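These notes are about the structure you will find just below.
The values are calculated or read from the model by the stated rules, or taken from the named source; none is laboratory data. All figures in this text were calculated on a predicted structure; none of them were measured in a lab. In this analysis, Cβ positions are derived from the backbone assuming ideal geometry, glycine residues included, and neighbour counts consider all displayed protein chains. Accessible surface is based on the protein model in full, side chains and every heavy atom, while ligands, DNA and RNA are left aside. Shrake-Rupley method; radii C 1.70, N 1.55, O 1.52, S 1.80 Å.
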Amino acid sequence: LNLHWNALRRFDHSWLEFNNGHLQLTAKPDSLASMQQPAFISRRQQHTNFTASTALSVPAAPVSAGIVAFQNEQYHYYLGVRQTSSGSEVFLQRANGATPENIASMPLPEGTNSVQLKISGNAGSISFYYVVADNDWQPVAIEQDALLLSTQVAGGFVGTMLGLHSHLEAESQL
């Protein structure tokens with residue numbers, strides 16, 4: 001990967017590989033809220049108005065995967081896809097100074113194997129979308145507070161990172 005891409009904490013990239021021209025992240029039990037190294041690869045948000053998107057296969061349970069806007073362990077958004085007891089779903093988690101909480105979820109059509117996820121930022125707001133097949137983008141949550149990703153709210157000096165994450169979830173989260 002280009003040097004614009006970063007991982008958190010250690011230089012262990014054993015969970016990251018290219019496979020037939022696709023980036024593949026092997027899920028780890030460490031979440032974005034952990035002080036360990038999660039399966040998370042990202043690059044800096046460079047503009048206040050931006051769009052970041054990815055296409056991915058719906059992972060098998062108990063793995064979730066998706067796209068992230070990350071300031072630190074206590075301030076981030078995770079737009080992901082996972083299998084639940086009632087089928088696959090797209091979900092949005094928000095960490096706003098505390099443990100991440102699910103703030104939105106939507107079931108995916110039965111038999112969905114792949115999905116695209118998108119984050120759009122516009123100064124102080126951030127919106128989250130998904131699409132399956134050749135349909136139109138569907139909102140998961142629009143105009144959420146992007147200020148929680150700022151150094152003024154979250155502290156620090158790094159700025160927001162946009163990237164990809166894969167998480168081995170506990171059974172109780174599904």
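A few notes on this one:
- Residue in the stretch 70-83 that is farthest from the chain's Cα centre (by Cα), counting only those that are open to solvent by less than 30 Å² (accessible area, probe 1.4 Å) and modelled with pLDDT under 95: 71
- Wholly within the stretch 21-103, strands (runs of 3 or more DSSP E) carrying at least 2 residues that are over 21 Å from residue 149 (Cβ atoms): 22-25, 49-57, 75-84, 87-96
- In the stretch 5-50, of all residues being of a type in the set (Lys, Arg) and over 26 Å from residue 120 (Cα atoms), the one that is surrounded by the fewest Cβ atoms within 10 Å (Cβ to Cβ) corresponds to 10.
- Looking only at residues in the stretch 119-141 that are more than 20 Å from residue 162 (Cβ to Cβ) and of a type in the set (A, V, I, L, M), the one that is modelled with the lowest pLDDT is 133.
- For residue 128, the test of being touching a Ser or Thr at 6+ places or on another chain (Cβ under 9 Å), outside any loop (DSSP other than H, G, I, E, B) and under 22 Å from residue 9 (Cα atoms) is failed.
- All positions within the stretch 130-146 that are open to solvent by 30 Å² or more (accessible area, probe 1.4 Å) and within 17 Å of residue 78 (Cβ to Cβ): 139, 142, 144, 145
- Set 65, 60: member being surrounded by fewer than 14 Cβ atoms within 10 Å (Cβ to Cβ), at pLDDT 90 or above and either basic (Lys, Arg) or within 28 Å of residue 87 (Cα to Cα) (or both): 60
- All positions within the stretch 1-20 that are in a loop (DSSP other than H, G, I, E, B) and of a type outside the set (Lys, Arg): 1, 2, 3, 4, 5, 8, 11, 12, 13, 14, 15, 20
- Identity of the residue in the stretch 90-101, out of contact with any His (no Cβ under 6 Å at 6 or more places or on another chain) and either surrounded by 12 or more Cβ atoms within 10 Å (Cβ to Cβ) or of a type in the set (Val, Ile, Thr) (or both), that ends up farthest from residue 74 (Cα to Cα): 90
- Checked against the criteria, residue 116 does not count as in a helix (DSSP H, G or I) and either surrounded by fewer than 18 Cβ atoms within 10 Å (Cβ to Cβ) or modelled with pLDDT of 95 or more (or both).
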